[in-house]
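Please read the structure below before turning to the comments.
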Amino acid sequence: SSRVFAQSGAGKRARHPGSGPAIAQPSGPFQKRPEMTSKSGGYQALASDTRATATLGTRAAAPVMGPRRAYDMCMVFRAKTSKNVKFEESSQDETIARVLKAPSEKEKDTMTMWKQRREAMLKSLQNCGLNVLCFYSRDRDEIICKIGASGEKLKMTAARMKYKLKLKDEYLKAYAEYRHDFAGRPEMNFTDRRIVSPIYAVHNESDFPGDDSIFSTLDKIFLINHIITSRDKDCAGIQVSNMLYAGAHQELRSYFPLHEATKLREITSSKWNWLWMSNDHANKMRDYFGDRIAFYFVWMSFYWKWMVPRAVIGLVLQLIDVMCRTPDNFTALPFCIFISVWAIFLPHFWRRQEAKFCIQWGSLDLKEKLEPCRPEHWGEARTNPVTREVENFYPWQKRVPKYIFSGVVVIFSAVLLIVVILALLFLRHMEKDSWPGGAKYGIIGWQVIVAIVVEINNFLLGAVAKSLTIQENHRTQSEHDIHQLAKVMGFKLVNSYFVLYYIAFFKSHSHLFGVEMNCLRNDCWLDIQCQLSIFVAFRVVVSNLFEFFVPKLLAIFRSWHLEGRSVALFAGGHNRLELADMSPAEKQSKQEPYDAFSDFDETLISHGYSTFFAVASPWVCAATLFSTILEIFIDMKGITESRQRPLPIRCRNNEPWNTAFDIYGILGAFTNVLLLIFGSKEYESWTTTEKLCLFVYLEHSVFLARILVMKIFPAVPRNVELEYLKQEQIVHRCLENIKVEQPQDFTIFRDHGGDQVEVFEHDYLEDEDGDAEPQLSLYESGKTMYKGVREVATRKR
């Protein structure tokens, strides 16, 4: 049971008849935020001791806590329909009576229903053995519940789940499933004893670690989340995801792991660590955020390091292009081959890097498990034949028409985008001379307009892809992400890159809406370079600013729309004052959840710009390098300061994004070779057959090089495979208490004067138990032959 701390001093305590909770009501101009601990189905309200207030009187007694982190998860419930509504506050306090209004009957029924459900859920959490600490929000319109578990509960759950924990350094830092110690059976003379607790790594630096010291915070979050959401034995089985998406009747506002201030300061102490991403820093990130987010930042660090050679070479070639007054010069062929090889090899060598971190994080042998349903998944309630749980079933036959509709929308949108882009190019051609400063500034102005339209369309198309994927009603989150990524790639390949393909292969001496089109200075490569430069510069500036300010704008919208606060307070810079009186958990609940999909999407689009037409604009490689480094710092600041701590996700790789970068690499190789052969003036005098032969030769050379490299350097390095085999052996020996003894020479103990081993002529044991030897019988042989002849004669008849 939770410990209850009473308030002393000027505060007054009053109990509503029949309501259960005892509400703390301190006097003074500022009301203290009461805390509550779950007890006997009700709440015991407490005065907060987490901050200074203007209330006179003594502070509430603080709980004596050790170094152990007591609570790891947080649930935020709605307590009132509005902060201005009165519900369970004492009418004796004149200040509250004057400010708060009486609720309507509907509001009162809603809040009472919320209270009953909340108490039932918290009671269920307590019955499962979890520790629950509840307290009111600053405005008393929400109840924040911090949830933790004892070491004994964590061990029982880990053993039941076969959850893997990290072993000590002397055991190669392998991961092994948790098992309880077994003292052995007396009738077996305790020979079956299994003592495995000393092999697990300790995550507490204290001289006297607690019983939960073998669990890192990441392990605790995994296990507590399993206890809350699973329907296994001794678990609560609360459908948290469904409650978060309950619409207007949503009673659960947030569900997230709590930040750790000390570890967060340690991770963010050096911004350059996020850039270089050493093994030590990557392990710290994984231990704090989980595999999925750690892989994203490790990928970003790997990506910018691979970009450095391209950026240096690109800047040098850009100087040559300036001197030659065109990018279509003698450097195009070697740079084209270099870019194609780079784009093809990048995903493969990243997979090798992934494997090195997988072996450190114990996810190299991670197998796909049956994922739970998405909370938005709807359908007919049926029993899952695997889990034997009731869940929504949606037959694939109903999904086929939605696939067809999505395909039609994607095709129609692609055609519409092509028409819009062609119209913009037509307007650029017709109106470029009407701009102030002449055609030069007119072309640049229209190219900026095209970049703005493309970015707006990217934002809208992302929303359309998300809506179409939701309508397809996929069961699991991984299926949802794969189909959403497929639509996003289809939309944005056309929207972001069509204008560049048109300029490269179709614009020169062609007609658009009856008007002859010409490239800039009759050099389409120069035209591509200008348009691509504006695309990249626009993304570097505008997109990163948008990504930086979106979380702040969403916080303003939430405070205005959901909580009724004035936007002017935030616009005037008073957001810190608004948050000053909140507890850390309440501040985190006001932040937006983290979405890794959008971050990967932005990186993929920038990768396409720097790969598809890099031969026509070498300097964009350096610009993309700068954009990637800037993206790392913005994402780091966002996930550590502006976002809730995400639930950790165990994974083996970055799929499906690895496949997406593979596809972009192949497209980049094809595009650069096509641009070199069919768009360059260097090969203008060649026949179509000669150009096709050169194209086939270069493409086959690039892909044969890829196959050769994949054979020489497999996706899982040899040293990683050997490390995995060694870890498997040592885990098996540790869990089974198998001692490896060195071979000894026992020849000195031989008795040479004893009896020699007798050698027999044959195996007499087999003679005794074996089958009898066959005997020759002419009668039986003749009888068998007669039967055979009769059977043949009968068949011929």
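The values are calculated or read from the model by the stated rules, or taken from the named source; none is laboratory data. None of the values given here were measured: they were computed from a predicted structure. When we count neighbours, we look across all protein chains shown, and the Cβ atoms used for this are built from the backbone with ideal geometry, even at glycine. The area values use the complete protein model at the heavy-atom level, side chains included, leaving out ligands, DNA and RNA. Shrake-Rupley method; radii C 1.70, N 1.55, O 1.52, S 1.80 Å.
Kindly indicate which of Ser406, Ser363 is among the hydroxyl-bearing types (Ser, Thr, Tyr), under 29 Å from the mean Cα position of the chain (by Cα) and under 18 Å from Ala715 (Cβ atoms).
From the options Ser406, Ser363, the qualifying one is Ser363.
Assess whether His377 counts as being touching a His at 6+ places or on another chain (Cβ under 9 Å) and either open to solvent by less than 60 Å² (accessible area, probe 1.4 Å) or small (Gly, Ala, Ser) (or both).
yes
Which of the residues belonging to the stretch 147-157 are surrounded by fewer than 20 Cβ atoms within 10 Å (Cβ to Cβ) and either under 19 Å from Glu260 (Cβ atoms) or at pLDDT 95 or above (or both)?
Listed by number, the residues that qualify are Ser150, Gly151.
With respect to Gly638, determine if the residue is assigned to a helix (DSSP H, G or I), open to solvent by less than 10 Å² (accessible area, probe 1.4 Å) and either in contact with a Pro (Cβ under 9 Å, 6 or more places away or on another chain) or not aromatic (Phe, Trp, Tyr) (or both).
Against the criterion (assigned to a helix (DSSP H, G or I), open to solvent by less than 10 Å² (accessible area, probe 1.4 Å) and either in contact with a Pro (Cβ under 9 Å, 6 or more places away or on another chain) or not aromatic (Phe, Trp, Tyr) (or both)), Gly638 does not qualify.
Sort out which residues of the stretch 165-194 are among the aromatic types (Phe, Trp, Tyr) and either part of a loop (DSSP other than H, G, I, E, B) or under 16 Å from Glu728 (Cβ atoms) (or both), and write them in order of number. Walk me through how you get there before you give the answer.
Taking the stretch 165-194 as the starting set, the residues that turn out to be among the aromatic types (Phe, Trp, Tyr) are 171, 175, 178, 182, 190.
Selection gives Tyr171, Tyr175, Tyr178, Phe190.
Looking at the stretch 220-257, which of its residues are at pLDDT 90 or above, closer than 17 Å to Arg117 by Cα and open to solvent by 40 Å² or more (accessible area, probe 1.4 Å)?
None - no residue of the stretch 220-257 is at pLDDT 90 or above, closer than 17 Å to Arg117 by Cα and open to solvent by 40 Å² or more (accessible area, probe 1.4 Å), so the list stays empty.
Looking at (1) part of a helix (DSSP H, G or I); (2) open to solvent by 60 Å² or more (accessible area, probe 1.4 Å); (3) not aromatic (Phe, Trp, Tyr), find the lone condition where Leu122 falls short.
So Leu122 meets the others, but not (2).
Residues are listed down the side, and each one gets a yes or a no for (1) farther than 20 Å from Leu512 by Cα; (2) of a type in the set (D, E, K, R):
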position: Ile421; (1), (2): no, no
position: Arg428; (1), (2): no, yes
position: Tyr441; (1), (2): yes, no
position: Val448; (1), (2): yes, no
position: Asn473; (1), (2): yes, no
position: Asp481; (1), (2): yes, yes
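Consider Tyr288 against the criteria (1) hydroxyl-bearing (Ser, Thr, Tyr); (2) surrounded by fewer than 22 Cβ atoms within 10 Å (Cβ to Cβ); (3) farther than 29 Å from Trp619 by Cα: it satisfies all of them except one. Which criterion is unmet?
If we test Tyr288 against (1) hydroxyl-bearing (Ser, Thr, Tyr); (2) surrounded by fewer than 22 Cβ atoms within 10 Å (Cβ to Cβ); (3) farther than 29 Å from Trp619 by Cα, just (2) comes out false.
Out of everything in the stretch 336-363 that is hydrophobic (A, V, I, L, M, F, W, C) and open to solvent by 10 Å² or more (accessible area, probe 1.4 Å), what residue ends up being nearest to Leu167 (Cα to Cα)?
Ile359
Does the stretch 458-494 hold any residues that are hydroxyl-bearing (Ser, Thr, Tyr) and either surrounded by fewer than 15 Cβ atoms within 10 Å (Cβ to Cβ) or over 15 Å from Phe405 (Cβ atoms) (or both), and which are they?
Within the stretch 458-494, Ser467, Thr476, Ser478 qualify.
I'm told Lys146 meets every condition in (1) under 15 Å from His203 (Cβ atoms); (2) part of a strand (DSSP E or B) except one. Can you identify the failing condition by its number?
Among (1) under 15 Å from His203 (Cβ atoms); (2) part of a strand (DSSP E or B), Lys146 violates only (1).
This table checks each residue for (1) open to solvent by 30 Å² or more (accessible area, probe 1.4 Å); (2) among the hydrophobic types (A, V, I, L, M, F, W, C).
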site	(1), (2)
Ser413	no, no
Ile418	yes, yes
Met430	yes, yes
Lys440	yes, no
Trp446	yes, yes
Val454	no, yes
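Got a number for residues in the stretch 248-291 being in contact with a strand residue (DSSP E or B) (Cβ under 7 Å, 6 or more places away or on another chain) and of a type in the set (A, V, I, L, M)?
Summing the residues that are in contact with a strand residue (DSSP E or B) (Cβ under 7 Å, 6 or more places away or on another chain) and of a type in the set (A, V, I, L, M) in the stretch 248-291 gives 2.
Pick from the stretch 641-671 the residues that are of a type in the set (D, E, K, R), open to solvent by 10 Å² or more (accessible area, probe 1.4 Å) and touching a helix residue (DSSP H, G or I) at 6+ places or on another chain (Cβ under 8 Å): which of them is farthest from Phe289 (Cα to Cα)?
Checked the stretch 641-671; the qualifying residue farthest from Phe289 (Cα to Cα) is Asp662.
Take the residues of the stretch 385-410 that are more than 10 Å from Arg475 (Cβ to Cβ) and not in a helix (DSSP H, G or I): which is most open to solvent (accessible area, probe 1.4 Å)?
Restricting to residues being more than 10 Å from Arg475 (Cβ to Cβ) and not in a helix (DSSP H, G or I), the top hit is Arg388.
In the stretch 630-665, what residues are charged (D, E, K, R), farther than 20 Å from Tyr303 by Cα and touching a Leu at 6+ places or on another chain (Cβ under 8 Å)?
Arg645, Arg650
Return the residue satisfying two criteria in turn: it lies in the stretch 134-146 and is over 28 Å from the mean Cα position of the chain (by Cα) and open to solvent by 30 Å² or more (accessible area, probe 1.4 Å), and of such residues it is nearest to Gly210 (Cα to Cα).
Arg138
Can you tell me how many residues within the stretch 593-622 are assigned to a helix (DSSP H, G or I), of a type in the set (A, V, I, L, M) and crowded, with 22+ Cβ neighbours inside 10 Å?
Here is the first cut: in the stretch 593-622, the ones assigned to a helix (DSSP H, G or I) are 596-612, 620-622.
Applying the additional criterion that residues be of a type in the set (A, V, I, L, M) yields 596, 604-605, 620, 622.
Now restrict to residues that are crowded, with 22+ Cβ neighbours inside 10 Å: 605, 620.
The number of residues fulfilling the criteria is 2.
Inspect the stretch 529-544 for any residue being over 30 Å from Ala465 (Cα atoms), surrounded by fewer than 15 Cβ atoms within 10 Å (Cβ to Cβ) and aliphatic (A, V, I, L, M) and give the result as yes or no.
No, the stretch 529-544 contains no residue that is over 30 Å from Ala465 (Cα atoms), surrounded by fewer than 15 Cβ atoms within 10 Å (Cβ to Cβ) and aliphatic (A, V, I, L, M).
Working carefully through the options Asp181, Asp169, Asp192, Asp211, find the one that is touching a Ser or Thr at 6+ places or on another chain (Cβ under 6 Å), open to solvent by 20 Å² or more (accessible area, probe 1.4 Å) and among the acidic types (Asp, Glu).
Numbers: Asp169 fails: touching a Ser or Thr at 6+ places or on another chain (Cβ under 6 Å); Asp192 fails: touching a Ser or Thr at 6+ places or on another chain (Cβ under 6 Å); Asp211 fails: touching a Ser or Thr at 6+ places or on another chain (Cβ under 6 Å).
Asp181 is the lone residue from the list that is touching a Ser or Thr at 6+ places or on another chain (Cβ under 6 Å), open to solvent by 20 Å² or more (accessible area, probe 1.4 Å) and among the acidic types (Asp, Glu).
Could you please find all residues in the stretch 471-494 being among the β-branched types (Val, Ile, Thr) and in contact with a Leu (Cβ under 7 Å, 6 or more places away or on another chain)?
Once the filter is applied, which keeps residues that are among the β-branched types (Val, Ile, Thr) and in contact with a Leu (Cβ under 7 Å, 6 or more places away or on another chain), the stretch 471-494 yields only Val494.
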